[in-house]
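Everything on this sheet refers to the single structure shown next.
The values are calculated or read from the model by the stated rules, or taken from the named source; none is laboratory data. The shown structure was predicted, so the numbers you read here are calculated from the model rather than taken from an experiment. Using ideal geometry, Cβ is built from the backbone for each residue, glycine included, and neighbour counts are taken over all protein chains shown. Note: accessible area is taken over every heavy atom of the protein model, side chains too, but ligands, DNA and RNA are not part of it. Shrake-Rupley method; radii C 1.70, N 1.55, O 1.52, S 1.80 Å.
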Amino acid sequence: MSEVKNIRRDRAELLRFITAGSVDDGKSTLIGRLLHDSKSIFEDQLSSIARTSNKRGMQAVDLSLLTDGLQAEREQGITIDVAYRYFATPKRKFIIADTPGHEQYTRNMVTGASTANLAIILIDARKGVLTQSRRHAYLASLVGIPHLVVAINKMDLVGYSREVYERIRNDFAAFAQGLRLSNIEYVPMSALNGDMVVERGDRLTWYEGRTLMDLLENIDIEHDVNTDDFRFPVQWVSRPQTEELHDFRGYMGRIESGSIRVGDEVTILPSGLSSRIKEILLYKDSFEDVFAPQSVTLTIEDHLDISRGDMLVKTDQQPQIKKEFAAMLCWLSEQPLDSQRKYIVKHTTRMIKGMVNQIDYRVDVNTLNHETADSLKMNDIARVVMKVQQPIVFDDYARNRATGNFIIIDETSNNTVAAGMIC
Amino acid sequence: MSHRTFTHLDALESEAIHIMREVAAECTNPALLFSGGKDSIVLLRLAEKAFRPGRFPFPLLHIDTEHNFPEVIEFRNHRAKELGERLIVRSMEDSIKQGRVVLRSENQSRNPFQSITLLDAIAEFRFDACIGGARRDEEKARAKERIFSFRDEFGQWDPKNQRPELWSLYNTRTHPGENIRVFPISNWTELDVWEYIEREQLEVPSIYFAHWREVIPRDSGLLPVSHLVQPKEGEHVEKIMVRFRTVGDMSCTCPVASQAKNVSEIIAETAMTRITERGATRMDDQTSDASMELRKKEGYF
Ligand SMILES: Nc1nc2c(ncn2[C@@H]2O[C@H](COP(=O)(O)OP(=O)(O)OP(=O)(O)O)[C@@H](O)[C@H]2O)c(=O)[nH]1
Ligand SMILES: [Mg+2]
C-alpha cells in the first residue's frame with residue numbers, strides 16, 4: 001500500500017432535503033425559486049421552460065416545470081414521482097428531492113424522505129394545515145428526519161398577513177406535539193414572488209426570523225449520524241486467491257455508524273466470534289481509523305468464517321439479535337397485506353423470509369389515534385410484530401437508522417411492498 | 001502520514017462504492033457499461049475502490065455505434081487493458097447487417113439505435129444488471145429515475161410505476177429476461193465528476209481538452225467536421241479552439257468553445273458555465289421536450 005491517509009470529520013458539506021406537503025401548495029415552485037435565486041438554473045433550462053410556459057398561455061415562467069420532468073406531470077401540472085436536483089452555495093452542497101403531494105403517490109414521498117436530513121413542509125396560507133400536511137409531517141417524523149422547516153407559502157394571497165401566519169404556526173405546533181420532532185422552524189414566504197426564500201423581500205417586514213436559504217445553509221447536521229455504535233454489515237468478501245494474495249480475506253462494506261481503528265476488538269454477529277482489526281484498506285490507501293459513512297475493506301487477525309449478511313460490531317457495543325420484533329410499517333403497494341403469506345425481508349445486507357405476525361394498531365394520520373386493523377392497504381401506517389426465519393442483528397430505528405430499517409418484497413411480483421422501522 | 005477532511009466527494013464516492021458492491025453481491029450476471037467517456041472513467045475508478053485487490057466481478061461492456069471519436073475508442077482499449085479486465089464490444093454495425101437496425105442514411109445519428117444493440121447484448125450474455133454512468137443532473141427525465149432502475153422484458157422503463165427505493169436498501173430482484181440499470185453516480189453533478197477526476201488524477205481522452213478543430217455552426221451548436229458531417233450549402237467551416245463536454249455519436253455531439261488545457265481549467269469553466277451539459281452538446285436531445293423520456297422508455301440507458 002503506497003499511501004496512508006487519515007480523514008478527519010469536519011463540518012458536513014452535503015445536505016439532503018425534501019419538499020413535502022399537500023397538492024398544489026407550491027413545492028415544485030419553491031424549488032424552482034431556490035434554484036433561480038441562487039443562480040443555479042442554466043440558461044437553456046430557463047429558455048426551455050419559458051417556451052413551454054408560453055405555449056400554455058402563461059404570463060410568467062412556471063418554475064415548477066424545472067422539476068416536473070415527465071410528460072404526464074407536465075400535462076397534468078402535478079408531480080407524480082420524486083425529482084432530484086442539485087445546487088451549491090459557497091457554504092454547502094445540496095441534494096433536493098421534490099416529492100409529490102397527491103395521496104396516491106405517498107410511496108414516492110417516502111422514497112425521497114428516507115435519505116433526507118431535512119424536510120420542508122409547505123402549507124398554503126389560504127388553506128392552513130390540511131390532512132396531507134399532517135400526513136407528511138407524520139411521515140417525516142416516522143422516518144426520523146431530524147430537521148423540519150414549515151414553510152407557510154402563498155403569503156401574497158393573504159395580504160402577507162402576520163395573523164394568518166401565526167394562526168397556522170400555532171395549529172401546526174399543536175399537531176406536532178404528538179410527534180417525535182424536536183427541531184421545527186417556521187418561515188412565511190411567497191415562493192412565487194421569492195419573499196423569504198433567498199431574499200427577504202420588502203413585504204414581510206414583521207418577520208424577524210431567518211430566510212429559508214439561511215436555514216438550509218446553517219442548520220447543524222453533524223449530530224444526525226450515530227457516532228457511538230460501530231456497525232459494519234458485510235457486503236462482499238474479497239478472496240483474490242492470487243499467488244501474492246493467497247491468504248487475503250477482505251471484508252468489504254460501508255460503516256453504517258460509529259467508527260473503528262486498527263487494533264480494536266470486534267465481534268462478528270450472529271456467530272458471536274471475536275477478533276481484532278488488522279488493516280483498514282481502500283484501493284491504494286490504508287487508514288488508521290475510519291468512521292461512518294465510509295466504504296472500506298477490513299481485514300482481521302484471525303481466520304473466521306464470515307460472509308455477506310454478517311455484521312461486525314465493537315465488542316463492547318452490542319446490538320440486538322432476534323427473530324421476532326416490533327416495527328412501524330408503511331404499506332406501499334396497491335396489493336394489500338396478506339398476513340398469511342411469507343414475504344422477503346431485506347435488512348442491512350441480508351435477505352430472509354418473513355411475515356407480519358400481528359397488527360397492533362393502525363395510525364389515523366389526521367388525529368394520530370390508534371385503530372384496530374386486520375389488513376393493511378396502500379399508504380397505511382401501522383405498528384406490527386414481524387417474524388423472520390433467521391435471527392437478524394439490529395438496533396431500534398430511533399437509535400440507528402441503518403440497522404433499524406428494512407423493506408418487504410413480494411416474492412411473486414418482486415415489488416417492494418412495504419418499508420419498516422424497528423421499534 | 002497525510003491528513004485531509006471528509007468532503008462531499010468522499011460522501012458521493014462512498015455511496016457509489018456501496019451501490020457497486022450491492023450489485024456484485026445480489027445480481028447474478030452484471031456488466032459495467034464503459035464507453036471511454038468521463039462518467040464511465042469515474043465508474044472504473046469506483047470499481048477499483050470497491051473491489052481491489054480482487055478483480056472486478058463483472059465484465060466491461062461497450063455498445064459501439066462506430067460513430068465514435070477515434071481518440072475515445074483508443075482510450076477505451078488502452079484503459080481496459082491497463083486494468084486487466086475483460087472488455088466486451090458489441091457493434092451497431094452487426095445489428096445493421098442483421099437487419100435489426102435500419103438506418104435512413106449512413107450519416108444519420110446512431111444514438112437512438114444503441115438501445116437495440118444494447119438489448120441484444122443483454123439477451124446474448126443474459127445480463128441481469130447493467131451499471132451505467134448516467135447522472136440525474138444531466139436531464140429532466142433522468143432526474144426522476146431510481147438508482148436501481150427496473151426494466152421489463154422488453155427493456156422498457158415505466159416512469160409512472162417505479163419501485164419505491166428506500167434508504168440504501170436496494171431491491172435487486174428480477175424475473176428471467178428482466179433487467180436492472182444501476183446508476184452509482186446518480187447524485188453526482190458534472191462539476192463533481194471533474195473534481196473527482198482531478199483528485200484521483202484520472203486520465204481522460206484528449207478531446208476533453210481544448211484543441212483546434214474545424215466546426216460548422218448549425219442551429220445552436222458547433223458541429224465537428226468529420227467523414228460524417230460536411231457543410232451543407234450555405235454553411236461555412238470555422239477553425240476554433242474547442243473541447244468536448246460529452247463524447248457521443250460524432251454526427252450529433254458538439255464541442256464548446258474553450259481555452260481549458262487541463263483538468264483544473266475545465267473545473268473553473270464548469271463552475272462558471274450557464275448552459276447544461278446536454279443542452280450545449282447534444283443535438284438529439286433538442287428535438288422535443290420529452291426526447292430522453294421517450295428513448296428511455298424504449299430501452300435506452
Ligand atoms: N400566488 C402564489 N401562487 C403560488 C405560490 N407558490 C406556488 N404557487 C402556484 O401554485 C400552483 C401549484 O404549484 P406547484 O409548485 O406545482 O405545487 P406542488 O406543491 O409542487 O404540487 P404537487 O407536486 O402536484 O403536489 C401553481 O400554479 C403555482 O404557480 C405563491 O407563493 N404564491
Ligand atoms: Mg410538485
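Data table
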read-out	value
Exposure rank, largest accessible area first [A:TRP206, A:TRP331, B:TRP212; 1.4 Å]	B:TRP212, A:TRP206, A:TRP331
Label-point gap, in nm, between A:LEU179 and A:ASP302 - each point 7 angstrom along Cα→Cβ	4.7 nm
Added length on full extension, which subtracts the Cα-Cα distance from 0.36 nm per residue, A:ARG8 to A:ASP228	77.6 nm
Compactness relative to 2.2 N^0.38 Å, alpha carbon Rg of region A:25-89	1.05
Virtual spin-label span in nm between B:GLN156 and A:HIS102, 7 Å along Cα→Cβ	1.9 nm
Ratio Rg/Rh [Cα only; Rh per Kirkwood] for region B:1-91	1.01
Which listed pairs, of A:LYS377/B:LYS160; B:LYS239/B:LYS261; A:LYS353/B:LYS140; A:LYS27/B:LYS160, have C-alpha distances above 27 Å, in listed order	A:LYS353/B:LYS140
Cβ-derived FRET efficiency at R0 60 Å, A:SER274 paired with A:GLU43, nearest 0.05	0.50
Rounded D (µm²/s) - region B:164-301, Kirkwood Rh over Cα pairs, Stokes-Einstein at 37 °C, 0.692 mPa s	188 µm²/s
A:ASP396 paired with B:LYS97, simple spin-label distance in nm, labels 7 Å along Cα-to-beta-carbon	6.7 nm
Taking chain A and dividing mean pair separation by its residue count, relative contact order in percent (alpha carbons under 8 Å, at least six apart)	13 percent
Residue-level accessible surface for B:PHE154, protein heavy atoms, 1.4 Å, Å²	140 Å²
Cα-based Rg and Dmax for region B:117-245, where Dmax is the largest Cα-Cα distance (Å)	19.6, 57
Region A:1-138: relative contact order in percent, alpha carbon pairs under 8 Å with at least 6 residues between	37 percent
Proportion of all alpha-carbon pairs of the protein assembly as shown beyond 45 Å (%)	22 percent
Kirkwood Rh in Å, taken over all unlike Cα pairs in chain A	23.5 Å
Computed FRET value (nearest 0.05) for B:HIS3 with A:VAL262, which takes r as the C-beta separation and R₀ as 25 Å	0.95
Heavy-atom SASA rank of A:HIS102, B:HIS18, B:HIS78, A:HIS303 (probe 1.4 Å, accessible area, largest first)	A:HIS303, B:HIS78, A:HIS102, B:HIS18
Mean shadow area of region B:1-43 over all directions, Cα convex hull, nm²	4.5 nm²
FRET efficiency for A:ASN357 and A:THR412, using Cβ-Cβ distance with R0 set to 30 Å, rounded to 0.05	0.90
Cα lying deepest toward the dipole's positive end in the protein assembly as shown, options A:ASN405, B:PHE69, A:GLN340, charges on Cβ	A:GLN340
Shape category assigned to region A:68-162 from the gyration tensor of Cα positions, a/c cut at 1.5	rounded
Cα extents of chain B along the three principal axes, largest first (Å)	56, 56, 37
Cβ neighbours within 10 Å from other chains - mean over A:238-249	2
Value of [θ]222 nm, deg cm²/dmol, for chain A, DSSP H segments ≥ 4, -39500 (n - 2.57) each, nearest 500	-5000 deg cm²/dmol
Buried accessible area, chains B and A (both chains, 1.4 Å probe, Å² to nearest 100)	6700 Å²
Label point 7 Å beyond Cα of B:THR28 along Cβ direction - residues of region B:117-133 with amide nitrogen under 18 Å	B:120-131
